[in-house]
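Written out below as structure tokens is the structure these notes cover.
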Amino acid sequence: MSNDAAGVVLRTGDKELQLPLVESTEGNNAYDVSQLLEETGNVTLDPGFVNTASCRSAITYIDGDAGILRYRGYPIEQLAENSTFLETSHLLIYGELPTAQQLENFDARIRYHTLLHEDLKSFFGGFPRDAHPMPVLSSAVSALSTFYQDSLDPFDPEQVEISTVRLMAKLPTIAAYAYKKSIGQPFLYPDNSIPLVENFLRMTFGLPVEPYEVDPIMVKALDQLLILHADHEQNCSTSTVRLVGSSHANLFASVSAGINALFGPLHGGANQAVLYMLEKIKADGGDVDEFVRKVKSKEGGAKLMGFGHRVYKNYDPRAAIIKKTADQLLESLGHRDALLDIAFKLEQVALSDGYFIERKLYPNVDFYSGLIYKAMGFPPRMFTVLFALGRLPGWIAQWREMIQDPDPPPPPPTSGLRWGHRAQVRAGVQALTRRCSAHRTARLSSCGCAGLTGAFTRRPRSPTSPGSVAGPLGVQ
Ligand code: ACO
């Protein structure tokens, strides 16, 4: 194989194949191997897609080595600090933070669709009492296809739009009902006079026999957690949503498949596993050093759950934000939890230990999130459901992008495609850093940063660092 600026030439027998270089706006470039099979009769072998980009995308950008995560160009830290889940959902799905008017419309449309069809409601009665809420969630989402048969065409923008709004509106109701079912309490109808996150908490923890006061501290913390989980490039569940959708399966069917992919303990199920791990350490006398010893010697397959990431070989930026929130929330709720102290100590020990340093194992998004959910009153079986609520706008955005442009042609060199992990090549905007000055809603203008200009502050694309190539099909 020889290499030049325009790509590489692959020689096999007496054949030569040019593999053109596809530039991305930031990070790694890619070689286009789309003609390989046809020209050589051979394929590439790349388990886990560690070296293979699967799509072009303009949604999310991750630099795992540098610990960077951006949605549509906005750093996650700014969105978590200054945005709301609804604003972030709008950003992911439609490509821009909403104006005040757009936000009002989006909010109103979602509130209007929170109710479940009564027949779908009765569906919950068919599951066993001890059913895990994740398969209940995926089944109910799949069943939405049967209730909205007139709006399943992936190529009709109006039908896609109404399905988008229905999913955003109904998933919190479905999630709350899955929980109510598991504890044998009556379902509460949604209250469309209150916002999405408040409504979800009320339907989950409220009872029809007494008023439920929604705690603003919990609302803020949950809203932030949903933002942090909202998208993460081509991870296991998102790739599943795209793959299922690529057969032109409707949005409900595709998202239902994504929920099932998220259910696994190496993906969305890790937050539940972290809590069980911390409880076990506590029950065994709280000896963190002994637990770390077992992990390092891989005794009984022990792993430090909530550590390590297929893409982040640095501190997961989401974990840093969640750690702070966990500390503040538990303090303000008066739940100083012994498990949080064990988690802090575990992190301290692991981050200074050669085993973890050599393998670049750092806390991931799930290391602290379970402690927050627990303090809020959610049982561990609901943790992954909360992850799904957060990831929903990302799945929708990725599905819509795939349907609208399943395989766009390689871009001209100036158009700024970029690649995400597992691999995505995408159109420029996501690789550009947007700053808070771009915040466009009235609420965001109070974020205390550069000011409300209504224009994006973009980092110009450098001709020498043209793009980022996605990593593996991992669990993020
Ligand atoms: N604890 C102890 N050792 C670990 C851990 C861990 N959490 N993670 C990886 N390692 C070790 C492996 O045993 C391996 O060691 P070896 O070189 O001696 O064989 C080495 O680190 C590399 O491990 P890989 O499995 O190749 O790492 P990979 O990047 O493929 O795995 C994964 C990523 C699956 C997330 C892994 O780190 C893990 O299982 N973590 C725990 C589960 C978890 O927290 N998942 C949540 C991910 S974030 C999310 O989905 C939202």
Review point. Residues in the range 213-229: is at least one surrounded by fewer than 24 Cβ atoms within 10 Å (Cβ to Cβ), farther than 23 Å from residue 80 by Cβ and of a type outside the set (A, V, I, L, M)?
Key: yes
Check your understanding: Which members of the range 347-373 meet the condition of being surrounded by fewer than 22 Cβ atoms within 10 Å (Cβ to Cβ) and either under 17 Å from the mean Cα position of the chain (by Cα) or among the basic types (Lys, Arg) (or both)?
Key -> 359, 360
Study note, to complete from the structure: residue 186 passes all but one of the listed conditions (1) over 18 Å from residue 55 (Cα atoms); (2) out of contact with any strand residue (DSSP E or B) (no Cβ under 9 Å at 6 or more places or on another chain); the exception is number (2)
Review point. Name the residues in the range 94-141 that are of a type in the set (Val, Ile, Thr), closer than 22 Å to residue 384 by Cα and outside any loop (DSSP other than H, G, I, E, B), would you?
Key: 136, 141
Study note, to complete from the structure: In the range 230-249, anything in a loop (DSSP other than H, G, I, E, B) and either under 15 Å from the mean Cα position of the chain (by Cα) or surrounded by 24 or more Cβ atoms within 10 Å (Cβ to Cβ) (or both) is listed as 230, 231, 232, 233, 234, 235
Review point. Quick one: which of 318, 359, 310 is touching a Pro at 6+ places or on another chain (Cβ under 8 Å) and in contact (Cβ under 8 Å) with a residue 12 or more places away in the chain?
Key: 310
Exercise for review: Check 25, 12, 60, 88 and return the single one that is hydroxyl-bearing (Ser, Thr, Tyr) and surrounded by fewer than 19 Cβ atoms within 10 Å (Cβ to Cβ).
Suggested key: 12
Point to revise | strands (runs of 3 or more DSSP E) wholly inside the range 1-92 that include at least 1 residues being more than 31 Å from the chain's Cα centre (by Cα) | key: 2-4, 7-12, 15-22
Exercise for review: Test residue 261 against the criterion of being near the ligand (Cβ under 9 Å from one of its atoms) and either more than 29 Å from the chain's Cα centre (by Cα) or small (Gly, Ala, Ser) (or both), and give yes or no.
Suggested key: no
Check your understanding: Among 92, 120, 116, which is the only one that is touching a strand residue (DSSP E or B) at 6+ places or on another chain (Cβ under 8 Å) and touching a residue at least 24 places away in the same chain (Cβ under 8 Å)?
Key -> 92
Check your understanding: How many residues does the range 101-130 contain that are open to solvent by 80 Å² or more (accessible area, probe 1.4 Å), at pLDDT 95 or above and out of contact with any Lys or Arg (no Cβ under 9 Å at 6 or more places or on another chain)?
Key -> 7
Review point. For the range 250-275, what are the residues that are assigned to a loop (DSSP other than H, G, I, E, B) and open to solvent by less than 20 Å² (accessible area, probe 1.4 Å)?
Key: 267, 268, 269
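The values are calculated or read from the model by the stated rules, or taken from the named source; none is laboratory data. In this text the structure is predicted, and so the values were computed from the model without any measurement. FYI the Cβ positions are ideal-geometry reconstructions off the backbone, even for glycines, and counts take in every protein chain you see. Heavy atoms of the whole protein, side chains included, go into the accessibility calculation; ligands, DNA and RNA do not. Shrake-Rupley method; radii C 1.70, N 1.55, O 1.52, S 1.80 Å.
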